[in-house]
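One structure is given below, encoded as structure tokens.
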Amino acid sequence: MTISCWGEHEFPVDVLAEGGSQCIVRLCILQYAINMRTSGILLLACLVISSSARAQHAIAWRPTTGEASVSPEDRQRASNLARQSIEQLELNDITSAEAKLREALAILPGKAVWHFNLACILTGRRQLGPAIDELQRATDLGFTDFTALQGDSALSALHDLPRFQKLIARKDEIRHNAGQRALAELREQFGAKYLYEVDEEQKLIFAIGSDQATLDAVKAALNIQARTQAADLFSHKPDEFIRVVVPTLADYRKLMPQRGIPGIYEDESRTLLAEQLGQVMTHEFTHALHAADQRMLGQEHPIWLREGLASMYEAGEVEEGRLIPRDNFRLAYVQQAARRNALLPLEKMVKLSGHDFANGPNLSYGQTSSLLLYLYDKKLLRKFYEVYKASYQTDRTGAIALEETTGMKLPELQKTWTAWMLERKPPQMKGTIGGPYLGIHFGQTIDGLRVMMVIPASAAAKAGIKNGDVLVGLDDHEVRDYASFSPLLSSHKPGDEVKLKLRRDGKYFDVPVVLGQR
């Protein structure tokens with residue numbers, strides 16, 4: 001199981017600093033990920049973490065029907081067995097590999113990917129009828145990646161069989177039924193107070209504790225992100241529907257009892273849970289798409305690559321229908337480390353464990369995301385990812401792929417990237433004396449920035465903004481969190497007129513505001 005979540009570490013943002021108060025709201029927008037141990041059978045991977053890590057960070061999510069009584073220890077045992085079946089395949093012991101996978105399925109029979117994996121093993125053993133039986137079970141349980149079913153060479157012996165062709169002919173029906181089953185489970189859990197929608201093309205199911213406009217905005221943003229990242233990097237779509245849940249604050253606390261984690265993607269349940277929209281959603285959805293790509297590749301990418309990609313995209317901006325990566329708030333920290341000669345040597349960075357990566361998060365997340373942004377800027381990111389996937393069995397750290405892609409040894413690459421990075425301008429996370437001033441004290445809600453206080457005689461007061469309004473946009477940009485809002489506001493100067501998009505009593509409207517001076 002892959003678990004990645006924002007939280008654990010925080011950076012202070014002066015959310016209420018639009019007024020004279022120095023009250024600090026700490027926005028947890030630094031993502032923390034558990035060290036993932038992955039094994040893959042043929043083209044798919046079984047993603048697991050230790051039971052202690054799961055207990056600490058997993059979503060308090062309802063288990064799959066029929067698995068509610070399975071203990072955490074037995075769940076871990078099943079995952080270990082699935083991983084061990086991989087090891088037996090690598091030793092060419094197909095009999096043991098099949099036995100261990102069947103033992104894992106006896107404990108957790110609802111794992112669609114495991115049934116797909118077993119179908120691949122049985123096809124290799126020329127047990128074609130039982131293999132199709134397993135594919136049928138996989139699709140009944142929600143496996144919907146028909147690209148893999150039709151294009152996987154491990155299943156080529158099945159392709160001309162009438163039963164297989166009949167299964168493929170039902171793919172639209174199977175996708176629809178899988179989406180409706182997952183939708184029914186969400187409705188049962190959250191009830192009529194939520195809004196729901198199924199996107200069968202992108203394999204997304206939404207449960208939103210807000211209004212239709214918010215649901216539409218989330219769906220549109222994730223569709224843009226999915227299309228962009230498919231074009232830029234990830235060649236495999238999710239094999240099952242991903243549940244995108246933005247609950248009410250009260251429901252979020254029930255699902256995520258550990259405080260300080262405003263977002264998480266859990267791959268075992270294919271669930272993205274977000275306390276708020278904005279950069280946390282972008283970050284975690286990158287994890288969801290990357291996890292799907294890794295499953296189909298049968299690869300476990302190192303934590304620096306997983307977290308680097310998610311962090312690189314989190315502050316991205318949409319331009320002409322594409323999500324364009326941008327520097328995130330950690331750039332200032334990385335630049336300070338460079339000036340202190342305290343950067344991580346790339347030779348060490350690519351080998352960091354999950355534990356060590358999380359020990360110095362501002363540096364590790366910042367450095368990896370900036371390095372990948374450098375590759376993106378030089379139009380080398382896709383080439384690096386392709387080289388990395390091709391050289392995975394030789395070097396899983398990515399060192400060889402970095403050197404081959406850039407034509408530089410790691411020490412030289414570090415010097416070149418550092419010089420490029422030091423020339424960049426960090427996002428402005430706090431107002432400065434003489435800078436633009438609205439005169440609003442903001443608080444966070446699930447889908448925007450709530451106006452907690454309007455300073456008398458300020459620009460916001462003159463524009464008629466009221467306490468309780470929710471800010472969701474600035475000019476032509478969607479704004480759902482302070483990490484997105486502050487750099488946009490700071491890009492203006494006093495006297496500029498900006499357009500704020502607000503929600504008041506369920507209605508949306510635009511307000512022109514002439515910015516004051518701090």
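Pulled fully out, how much extra length does the chain show between HIS477 and GLN180, if you take 0.36 nm times their separation in residues and subtract their Cα-Cα distance?
Extending this stretch completely gives an extra 103.6 nm.
Compute the signed sum of charges (Lys and Arg +1, Asp and Glu -1) over the other residues within less than 11 Å, Cβ to Cβ, of GLY434.
Combined, the nearby Lys, Arg, Asp and Glu give +2.
Quick one: helix 381-390 against the long Cα principal axis of the chain, what's the angle to the nearest 10°, folded into 0 to 90?
Here the helix axis deviates by roughly 20 degrees.
Given the peptides 290-301, 98-109, arrange them by the average over their residues of other C-beta atoms within 10 Å, most packed first.
My ranking of the peptides, most packed first, is 290-301, 98-109.
Once the Cα atoms of helix 171-190 and of the chain are each reduced to a long axis, what angle between those two axes, in degrees from 0 to 90 to the nearest 10, is obtained?
60 degrees
Considering just Cα atoms, how many Å³ per residue does the convex hull of the range 318-360 enclose?
117 Å³
Compute for the range 34-297: radius of gyration divided by Kirkwood radius, i.e. Rg/Rh, restricted to C-alpha atoms, rounded to two decimals.
Across the range 34-297, the Cα-based Rg/Rh ratio is 0.96.
Which lysines have a Cα less than 16 Å from the Cα of LYS171, not counting those fewer than 8 places away in the same chain?
Counting by Cα, and skipping residues close in sequence, LYS171 has these lysines nearby: LYS203, LYS237.
Rg and Dmax of the range 96-172, Cα atoms, in Å?
Both quantities, over Cα of the range 96-172: 11.6, 35 Å.
When we measure straight from the Cα of LYS415, which lysines land under 26 angstrom away, once same-chain ones fewer than 8 places off are left out?
In chain and number order, the partners are LYS348, LYS351, LYS378, LYS379, LYS383, LYS389, LYS425.
Direction-averaged shadow area of the convex hull around the Cα atoms of the range 377-469, nm²?
In nm², the orientation-averaged hull projection of the range 377-469 is 10.4.
Direction-averaged shadow area of the convex hull around the Cα atoms of the range 154-235, nm²?
Value for the range 154-235: 7.4 nm².
Sequence neighbours fewer than 8 away in the same chain don't count; with that in mind, list the lysines whose C-alpha is under 25 Å from LYS430.
LYS462, LYS466, LYS493, LYS499, LYS501
Hey, what number do you get for the chain at 222 nm if only DSSP H runs of n ≥ 4 count, each worth -39500 (n - 2.57), divided across all residues, to the nearest 500?
Mean residue ellipticity at 222 nm (helix-derived): -14000 deg cm²/dmol.
Compute the helix-to-body angle for 303-314: its Cα long axis versus the longest principal axis of the chain, expressed 0 to 90° and rounded to tens.
40 degrees
When Lys and Arg each count +1 and Asp and Glu each count -1, what net charge do the other residues less than 15 Å away from GLN165, Cβ to Cβ, add up to?
Around GLN165, the surrounding residues sum to +1.
Please get the size of the charge dipole for the range 90-241, origin at its Cα centre, with Cβ charges of +1 on Lys and Arg and -1 on Asp and Glu, quoted in debye to the nearest 20.
About 280 debye.
Can you compute 3J(HN,Hα) from phi for each residue in the range 351-358, using the Karplus curve 6.51 cos²θ - 1.76 cosθ + 1.60 with θ = phi - 60°, rounded to whole Hz and x for Gly and Pro?
Each residue of the range 351-358 in turn: 10, 5, 6, x, 5, 5, 4, 7 Hz.
Per Stokes-Einstein, at 4 °C and 1.567 mPa s, what whole-number D in µm² s⁻¹ belongs to the range 340-404, with the Kirkwood radius over Cα pairs as the hydrodynamic radius?
D = 103 µm²/s.
Quick one: plug the Kirkwood hydrodynamic radius of the range 301-427 (C-alpha pairs) into Stokes-Einstein at 25 °C, 0.890 mPa s, and report D in µm²/s.
Answer from the Stokes-Einstein relation: 168 µm²/s.
Report the FRET efficiency, 1/(1 + (r/R0)^6), for ASP496 and ALA220, where r is their Cβ-Cβ distance and R0 is 25 Å, rounded to 0.05.
0.35
Restricting things to alpha carbons, find the Rg to Rh ratio for the chain using the Kirkwood radius for Rh.
Reported Rg/Rh, Kirkwood definition of Rh: 0.99.
Please compute the length gained on full extension between ALA230 and SER71, using 0.36 nm multiplied by the number of residues separating them and subtracting their Cα-Cα distance.
Contour length minus the Cα-Cα distance gives 53.6 nm.
Relative contact order, percent, of the chain when contacts are C-alpha pairs under 8 Å separated by at least 6 residues?
14 percent
So for each of 441-449, 357-365, 239-247 I average, over its residues, the number of other beta carbons within 10 Å; can you give me the resulting order with the highest mean first?
So the peptides 441-449, 357-365, 239-247, ranked by packing, come out 239-247, 441-449, 357-365.
Every number in this text was worked out from the coordinates using simple rules, so none of it is lab data. Bear in mind that the values here come from a model prediction, so they are computed numbers and not experimental data. Counting neighbours? That spans all protein chains shown, and the Cβs are built from the backbone with ideal geometry, glycine included.
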